[in-house]
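Readers should treat all values here as calculations from the given coordinates under stated rules, not as data from a laboratory. This is a predicted model, so every value here is computed, not measured. All Cβ positions, even for glycine, are placed from backbone atoms using ideal geometry, and neighbour counts span all protein chains on display.
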Amino acid sequence: MTPMRLTAVATLLVLGVAACGGTTRSSVTAAPQEAPASSAAASANPDAPLKEGIKLAFLPKQINNPYEVIVDKAGIEAAEEFKGEAKEVGPSDASASSQISYINTLTQQGHDAILIAANDANAVCGPLQQARAKGVKIVSYDSDAAPQCRDLFINQASSEEVGRSQVQLLAEMIDHKGEIAILSATANATNQNTWIEFMKEELAKPEYKDMKLVKVAYGDDDDQKSFTETQGLLQAYPDLKGIISPTTVGVSAAARYISGSKYKGKVVLTGLGTPNQMRQYVKDKTVEKFALWNPKDLGYLASYAAAALVSGQITGAEGETFKAGKLGERTIGENGEVILGPPFTFDASNIDQFDF
Ligand code: RAM
């Protein structure tokens with residue numbers, strides 16, 4: 001490993017483990033439902049050992065999203081460290097109701113915990129409550145379910161920091177001027193919607209008075225739809241100066257479209273992407289900078305959090321702490337949220353030092 005690579009990896013690791021405050025937005029709401037009596041009555045025993053043989057199931061937004069695959073694979077590997085069993089199952093599309101039948105099946109199969117990147121905060125709520133009533137612990141990760149339907153939310157980064165920093169990143173590259181658009185995932189996605197709210201708040205500040213958000217388009221975390229939506233945005237808004245795509249599927253599809261079009265070098269694209277998917281577009285100068293966190297650490301942290309819940313070390317209440325293996329001790333924040341760390345910016349100077 002070269003010194004450069006070591007430095008970058010060390011930086012990401014430090015960033016990955018740094019504790020940091022965050023906010024969950026009220027976009028994650030649902031009709032109030034009673035929490036199962038079992039979780040209300042439980043009390044935490046921080047000294048309880050992690051149980052062996054815990055059965056975990058990861059339910060991603062969609063099974064064919066490379067980002068979700070990285071997260072879940074790392075979570076499954078983490079379970080081996082504490083002698084648990086973990087698997088990944090999930091739908092092939094990220095639509096609101098696509099996860100419901102999987103939740104029901106996993107509940108019947110007697111898993112100790114279901115870890116879910118929710119496609120819709122509310123659509124999954126009823127089935128998750130039924131699972132909890134049977135003693136299954138629910139950990140949302142990446143994209144939250146309505147808070148009353150899960151025990152914990154493992155957030156990859158502070159939602160506020162992600163949203164605001166995406167606008168800051170684009171603003172720097174377009175000199176704070178011009179029309180901009182957002183290419184999001186699905187219209188229901190809790191994580192993207194929360195980030196977009198914070199993007200809008202950031203854009204309301206005086207320093208962005210010459211930037212105008214003209215459209216939020218949805219590529220549904222479908223590669224082809226995201227590609228076509230990018231094309232549509234650029235045709236509909238000929239003066240567009242920049243696009244933010246806060247989804248790994250969206251930003252890579254948008255980069256692919258722009259790299260082969262007349263808009264290359266004219267329209268600035270940034271967003272949240274994986275270095276492996278974005279490398280060629282940074283090299284060919286379609287994209288200068290984009291951000292993400294370490295998806296492997298997200299899966300790892302979620303797995304340990306689920307094990308801590310199942311073992312009774314934590315109940316999901318604010319202020320409780322648990323040990324997340326190599327990521328060290330973590331504290332549960334407001335609304336049952338645990339934050340992995342701040343986002344990291346990738347560019348031509350560091351992208352080759354990452355492989356995910
Ligand atoms: C996509 C998904 C995921 C999001 C990343 C950034 O892979 O929408 O939920 O966190 O992008």
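Side notes on the structure shown:
- When DSSP beta bridges are restricted to pairs lying wholly in region 159-283, around 0% turn out antiparallel.
- If R0 equals 35 Å, the separation of the Cβ atoms of GLU318 and ASP347 corresponds to a calculated FRET efficiency of about 0.45.
- Close amide H partners of VAL287, meaning residues 5 or more places away or on another chain with modelled amide H under 5 Å apart, are VAL282.
- Antiparallel bridge percentage (DSSP; both residues within the chain; nearest 5): 15
- Rounded to whole numbers, the Karplus 3J(HN,Hα) couplings from phi for region 180-193 are 9, 9, 10, 10, 9, 8, 8, 5, 8, 4, 4, 5, 4, 5 Hz, using 6.51 cos²θ - 1.76 cosθ + 1.60 with θ = phi - 60°, and x at Gly and Pro.
- Rounded to the nearest angstrom and listed largest first, the equivalent-ellipsoid semi-axes of region 159-283 from its Cα gyration tensor are 20, 17, 13.
- Pairwise Cα inverse-distance average, inverted: Kirkwood Rh of the chain (Å): 20.5
- Nearest-ten-degree value, helix 223-236 long axis tilted from longest Cα axis of the chain: 40
- Ranked for footprinting exposure by Cβ neighbours inside 10 Å, fewest first, TRP293, TRP195 give TRP293, TRP195.
- Folded to 0 to 90 degrees: helix 66-81 orientation relative to the chain principal axis, Cα: 30
- Contour minus Cα-Cα distance for GLU52 and ASN104 (0.36 nm per residue): 16.3 nm
- When you count the other C-beta atoms within 10 angstrom of each residue and take the mean per peptide, 328-339, 135-146, 63-74 line up highest first as 135-146, 63-74, 328-339.
- Integer Hz, Karplus 6.51/-1.76/1.60 couplings in order for region 48-59, x for Gly and Pro: 4, x, 5, 5, 8, x, 5, 9, 10, 10, 8, 10
- Cβ-defined net charge surrounding ALA187, 15 Å radius [Lys, Arg +1; Asp, Glu -1]: -4
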